[in-house]
Amino acid sequence: MSKILLVEDDSTLAIGLEYSLKNEGYEIDVANNLFKARELFSVENYQLILLDVMLPDGNGYEFCKEIREESNIPIIFLTACDEEVNVVMGLDIGADDYISKPFRIRELISRIKSVLRRYGEDGLGKVLVSGDIKLYFLEGKVEKYGEEVSLTPIEYKLLANFMKNPNQVLSRSNILESLWDTGGEFVDDNTLSVYIKRLREKIEDNSSTPIYIKTVRGLGYKWDMDIRRV
């Protein structure tokens, strides 16, 4: 059962979301401000955070930044601010997705399931092993030769997508869609190339002759190593 932290100060909305998500089989903790959210996050083990942007004692962007200093836990923003600049800012600081208020509960549940699948909460194994690389879904961390590799949230999601699809050619559009549920409209091809270059520098012994992430000219990229799930 996935455990979700809901950070929302609208009590009516919070009660409705808690009821609906519990009916879907999720375990829910609710915080109506950042103080309570920080307190819960410090002692509980969550698989996802639903995070309102505007809160009584600050904003969700601040909390998201704090979380990203120590965790790759999936974060979905709940926001009434659907202007592009706000969406981009949320994604840039490490959010996995956003949904604008008002929203349909079925759409939110679909987003939650999609994000959890990307992070491996799909019953297919909590650790992926490929060569000298280990990806731990529940902990949100990656190791190479037994040493932890420091990845940004986007680098982590990019690596997870490759490792969950070994020996398959992934087009650039497919990769972008895996990074953003918005279809990749806020990431262009040049930016994706930079992310892949940086990821190679961190996981390959020699990034100029990669053995894990191979370029398939004219088609995209593929993870060119077998995967074990443990």
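The values are calculated or read from the model by the stated rules, or taken from the named source; none is laboratory data. All values derive from a computational prediction rather than experimental measurement. Here the Cβ positions follow ideal geometry from the backbone for every residue, glycine too, while neighbour counts run over all protein chains shown. For the accessible areas, the whole protein counts, side chains as well, though only heavy atoms, and no ligand, DNA or RNA atoms are used. Shrake-Rupley method; radii C 1.70, N 1.55, O 1.52, S 1.80 Å.
Name the residue that is nearest to K144 (Cα to Cα), counting only residues in segment 197-230 that are without any contact (Cβ under 8 Å) to a residue 60 or more places away in the chain and among the aliphatic types (A, V, I, L, M).
L199
Looking only at segment 71-107, which residues are assigned to a loop (DSSP other than H, G, I, E, B), surrounded by fewer than 18 Cβ atoms within 10 Å (Cβ to Cβ) and at pLDDT 85 or above?
K101, P102, F103, R104
Scan segment 126-176 for residues that are without any contact (Cβ under 8 Å) to a residue 24 or more places away in the chain and of a type in the set (S, T, Y) and report the count.
Number of matching residues: 3.
Going through segment 108-146 one residue at a time, which ones are among the β-branched types (V, I, T), at pLDDT 90 or above and part of a strand (DSSP E or B)?
V129, I133, V142
Restricting attention to segment 194-213, does a residue exist that is open to solvent by 60 Å² or more (accessible area, probe 1.4 Å), assigned to a strand (DSSP E or B) and either within 27 Å of E69 (Cα to Cα) or modelled with pLDDT of 90 or more (or both)?
No, every residue in segment 194-213 fails to be open to solvent by 60 Å² or more (accessible area, probe 1.4 Å), assigned to a strand (DSSP E or B) and either within 27 Å of E69 (Cα to Cα) or modelled with pLDDT of 90 or more (or both).
What's the number of the only condition in (1) modelled with pLDDT of 95 or more; (2) over 18 Å from K101 (Cα atoms) that V7 fails to meet?
With respect to (1) modelled with pLDDT of 95 or more; (2) over 18 Å from K101 (Cα atoms), V7 is out only on (2).
Kindly provide the set of residues from segment 1-43 that are assigned to a loop (DSSP other than H, G, I, E, B) and more than 22 Å from the chain's Cα centre (by Cα), ordered by number.
Those that are assigned to a loop (DSSP other than H, G, I, E, B) and more than 22 Å from the chain's Cα centre (by Cα): D9, D10, N32, N33.
Any idea which of (1) more than 13 Å from L6 (Cα to Cα); (2) at pLDDT 90 or above; (3) out of contact with any strand residue (DSSP E or B) (no Cβ under 8 Å at 6 or more places or on another chain) is the one R68 doesn't satisfy?
Here R68 clears every test but (2).
Being modelled with pLDDT of 90 or more, of a type outside the set (V, I, T) and open to solvent by less than 60 Å² (accessible area, probe 1.4 Å): is that true of S171 here?
In short, yes.
Can you tell me which residues in segment 47-60 are buried (at least 20 other Cβ atoms within 10 Å of the Cβ) and of a type outside the set (V, I, T)?
Residues of segment 47-60 buried (at least 20 other Cβ atoms within 10 Å of the Cβ): 47-53, 55, 60.
Q47, L48, L50, L51, D52, L55, G60 - these are the residues of segment 47-60 that are buried (at least 20 other Cβ atoms within 10 Å of the Cβ) and of a type outside the set (V, I, T).
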